[in-house]
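Asks: My questions will all concern the structure given below.
The values are calculated or read from the model by the stated rules, or taken from the named source; none is laboratory data. Predicted model, so just to flag it, every value in this text is computed and none were measured. Note: ideal-geometry Cβ built from the backbone for every residue, glycine included; neighbour counts use all protein chains shown.
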């Protein structure tokens, strides 16, 4: 018996029109076999071809901007402005990875010519990165564009030369279907292999996809429980494959005493904006804020309370997130609530919640008390400003590592800053100074990752080196030049290469 996949309008909790049937095991098998057959051709067509494909996808997505935003708005409840900015980022990502391909430095092309060494004669060795093979990409609930069918995992995997089969997220199946249509039509327009892209729907389809022997890597953005379930599937395979999961993150914010003195109200305003961006459903939302005791810390907390109290009701993405938000915030204890935005306004329904602010102290903070909660909420933890480093170390030791750590520092605290960086750099993948973590720029230097359970990878899922997840090294020893990739031939100088130990720029 087939299962129909349909979204829900989170603003009214009403079901939307059916989009697709859940993908069967037999259909997954055909998609995966097709991707495996397409992989060699996609790789052999070369960097310039794949760059053209990525640019074509960017152009096609931009051309369907109005349709994409309208459908995503209905399925997610996000404002058009938020979705428009996310789609702009999505288009940029495809163009960005096209530029990475044309640069060619990502290949890490390395040549060691034959010769004598202190160890004796050395053969001719030439190393380059090649694609792993077909990749399964799981769309995220909270980013219907940038981390879903048209997301960075798809862009970076295709850039690497790996066909992609996407698992559509059940929260936005219609958005996923239109996004996939854009991918497929762009691929057809440039003459890419037919099975360069595929899509599956339903939980069973996602499990079958990860288990399929033709899949060589998985990109996943979602819950820790969902990631662990897929890791279990991978562990049951005959061939283990890499799982790149972006899973759970508290993203602590530390406010020093001098920072609170100099700009308490400004920090509070930025904090409220950060925890309510996207209805608090961002993986980089600050889940805990360490604020010093004393009058300046009190000013900051008072301003944050006032800001949260004035926030409009927030719509969450789906019923599961809605129910979890209610349960998890209730578990923090009603006595700890210090701010609660107004609810019950006219017309309010669906998966609508109030924003919340909780407060506790370092002495009451225990491991397991604070966990990631999707939704517009954060916990303020007051620490002893007279013993800043010790108090903060104790607090952070109760937390799991995170994607980010944020430091708000004063103008004369350089010695303290060094201590704080030492405390947080082993606990996060990105350290933000005097800002907030909810913006993640797509760039060459970006890291969107961190120690487990933020991610289980040493690689980033945002930025140029995201492509590295879907590549593996291969070395040719004493190979005839005619069989070498162009980038490893002696007369090729169009990309940066390391030759006999010396880095050479593109000519």
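Asks: Quick test for you: out of 221, 194, pick the one residue that is in contact (Cβ under 8 Å) with a residue 24 or more places away in the chain and over 28 Å from residue 451 (Cβ atoms).
Replies: Going through 221, 194 in turn, the sole match is 194.
Asks: Still on this structure, please answer the following. Inspect all residues belonging to region 336-346 and state whether any of them is touching a strand residue (DSSP E or B) at 6+ places or on another chain (Cβ under 6 Å) and in a loop (DSSP other than H, G, I, E, B).
Replies: No, region 336-346 has no match at all.
Yes/no matrix, rows are residues, columns are (1) in contact with a helix residue (DSSP H, G or I) (Cβ under 9 Å, 6 or more places away or on another chain); (2) within 14 Å of residue 355 (Cα to Cα); (3) not assigned by TED's automatic domain parsing to the domain that holds residue 373:
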| residue | (1), (2), (3) |
| --- | --- |
| 288 | yes, no, no |
| 291 | yes, no, no |
| 296 | yes, no, no |
| 300 | yes, no, no |
| 304 | yes, yes, no |
| 309 | no, yes, no |
| 320 | no, no, no |
| 329 | no, yes, no |
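Asks: State whether the residues of region 379-387 include one that is outside any strand (DSSP E or B), at negative phi, buried (at least 20 other Cβ atoms within 10 Å of the Cβ) and modelled with pLDDT of 90 or more.
Replies: Among the residues of region 379-387, not one is outside any strand (DSSP E or B), at negative phi, buried (at least 20 other Cβ atoms within 10 Å of the Cβ) and modelled with pLDDT of 90 or more, which makes the answer no.
Asks: If residue 242 satisfies all but one of (1) touching a strand residue (DSSP E or B) at 6+ places or on another chain (Cβ under 7 Å); (2) at pLDDT below 95; (3) surrounded by fewer than 21 Cβ atoms within 10 Å (Cβ to Cβ), what's the number of the condition it fails?
Replies: For residue 242, the exception is condition (2).
Asks: Does residue 398 count as in contact with a helix residue (DSSP H, G or I) (Cβ under 9 Å, 6 or more places away or on another chain) and farther than 19 Å from residue 322 by Cα?
Replies: yes
Asks: How many of the residues in region 152-190 are touching a strand residue (DSSP E or B) at 6+ places or on another chain (Cβ under 7 Å), more than 20 Å from residue 27 (Cβ to Cβ) and outside any loop (DSSP other than H, G, I, E, B)?
Replies: Of the residues in region 152-190, 4 are touching a strand residue (DSSP E or B) at 6+ places or on another chain (Cβ under 7 Å), more than 20 Å from residue 27 (Cβ to Cβ) and outside any loop (DSSP other than H, G, I, E, B).
Asks: Sticking with this structure for a sec: Scan region 140-151 and give yes if some residue there is buried (at least 22 other Cβ atoms within 10 Å of the Cβ), touching a residue at least 12 places away in the same chain (Cβ under 8 Å) and part of a strand (DSSP E or B), otherwise no.
Replies: Checked against the condition, which is being buried (at least 22 other Cβ atoms within 10 Å of the Cβ), touching a residue at least 12 places away in the same chain (Cβ under 8 Å) and part of a strand (DSSP E or B), region 140-151 yields no hits at all.
Asks: Something else: Identify the single condition in (1) out of contact with any strand residue (DSSP E or B) (no Cβ under 7 Å at 6 or more places or on another chain); (2) at pLDDT below 90 that residue 423 does not satisfy, given that it satisfies every other one.
Replies: Status for residue 423: all satisfied but (2).
Asks: Next question, about the same structure. For residues that are out of contact with any helix residue (DSSP H, G or I) (no Cβ under 6 Å at 6 or more places or on another chain) and surrounded by 16 or more Cβ atoms within 10 Å (Cβ to Cβ), scanning just region 411-426, find the one that is nearest to residue 468 (Cα to Cα).
Replies: Selected residue: 424.
Asks: Next question, about the same structure. Tell me the residue from 264, 229 that is part of a helix (DSSP H, G or I) and in contact (Cβ under 8 Å) with a residue 24 or more places away in the chain, please.
Replies: Being part of a helix (DSSP H, G or I) and in contact (Cβ under 8 Å) with a residue 24 or more places away in the chain holds for just one of 264, 229, which is 264.
Asks: May I pose another question? Going through region 462-507 one residue at a time, which ones are more than 29 Å from the chain's Cα centre (by Cα), in contact (Cβ under 8 Å) with a residue 24 or more places away in the chain and assigned to a strand (DSSP E or B)?
Replies: Matches in region 462-507: 475, 476, 477, 497, 498, 499.
Asks: Let me ask you something else. Can you tell which of 87, 107 is surrounded by 20 or more Cβ atoms within 10 Å (Cβ to Cβ) and farther than 30 Å from residue 477 by Cα?
Replies: Sole residue among the options that is surrounded by 20 or more Cβ atoms within 10 Å (Cβ to Cβ) and farther than 30 Å from residue 477 by Cα: 87.
Asks: Among the residues that make up region 431-438, is at least one of them touching a strand residue (DSSP E or B) at 6+ places or on another chain (Cβ under 9 Å) and loosely packed, with under 13 Cβ neighbours inside 10 Å?
Replies: The answer is yes, given that some residue of region 431-438 is touching a strand residue (DSSP E or B) at 6+ places or on another chain (Cβ under 9 Å) and loosely packed, with under 13 Cβ neighbours inside 10 Å.
Asks: Still on this structure: Can residue 452 be described as in contact with a helix residue (DSSP H, G or I) (Cβ under 6 Å, 6 or more places away or on another chain) and surrounded by fewer than 19 Cβ atoms within 10 Å (Cβ to Cβ)?
Replies: Details: in contact with a helix residue (DSSP H, G or I) (Cβ under 6 Å, 6 or more places away or on another chain): no; surrounded by fewer than 19 Cβ atoms within 10 Å (Cβ to Cβ): yes.
Against the criterion (in contact with a helix residue (DSSP H, G or I) (Cβ under 6 Å, 6 or more places away or on another chain) and surrounded by fewer than 19 Cβ atoms within 10 Å (Cβ to Cβ)), residue 452 does not qualify.
Asks: Checking the structure you have, find out if any residue of region 340-348 is over 30 Å from the mean Cα position of the chain (by Cα) and closer than 25 Å to residue 391 by Cβ.
Replies: No, region 340-348 contains no residue that is over 30 Å from the mean Cα position of the chain (by Cα) and closer than 25 Å to residue 391 by Cβ.
Every residue, every condition in (1) under 14 Å from residue 378 (Cα atoms); (2) touching a residue at least 24 places away in the same chain (Cβ under 8 Å); (3) under 30 Å from the mean Cα position of the chain (by Cα); (4) part of a loop (DSSP other than H, G, I, E, B), yes or no:
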position: 269; (1), (2), (3), (4): yes, yes, yes, no
position: 274; (1), (2), (3), (4): yes, yes, yes, no
position: 286; (1), (2), (3), (4): yes, yes, yes, yes
position: 290; (1), (2), (3), (4): yes, yes, yes, no
position: 320; (1), (2), (3), (4): no, no, yes, no
position: 323; (1), (2), (3), (4): no, no, yes, no
position: 326; (1), (2), (3), (4): yes, yes, yes, no
position: 330; (1), (2), (3), (4): yes, no, yes, no
position: 350; (1), (2), (3), (4): no, yes, yes, yes
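Asks: Quickly run through region 191-207 and pick out the residues that are assigned to a helix (DSSP H, G or I), within 27 Å of residue 17 (Cα to Cα) and touching a strand residue (DSSP E or B) at 6+ places or on another chain (Cβ under 8 Å). Talk me through it step by step, then tell me what you get.
Replies: Pass one, region 191-207, residues assigned to a helix (DSSP H, G or I): 194-196, 203-207.
Next, only the ones that are within 27 Å of residue 17 (Cα to Cα) stay: 203-207.
Within region 191-207, 205, 206 qualify.
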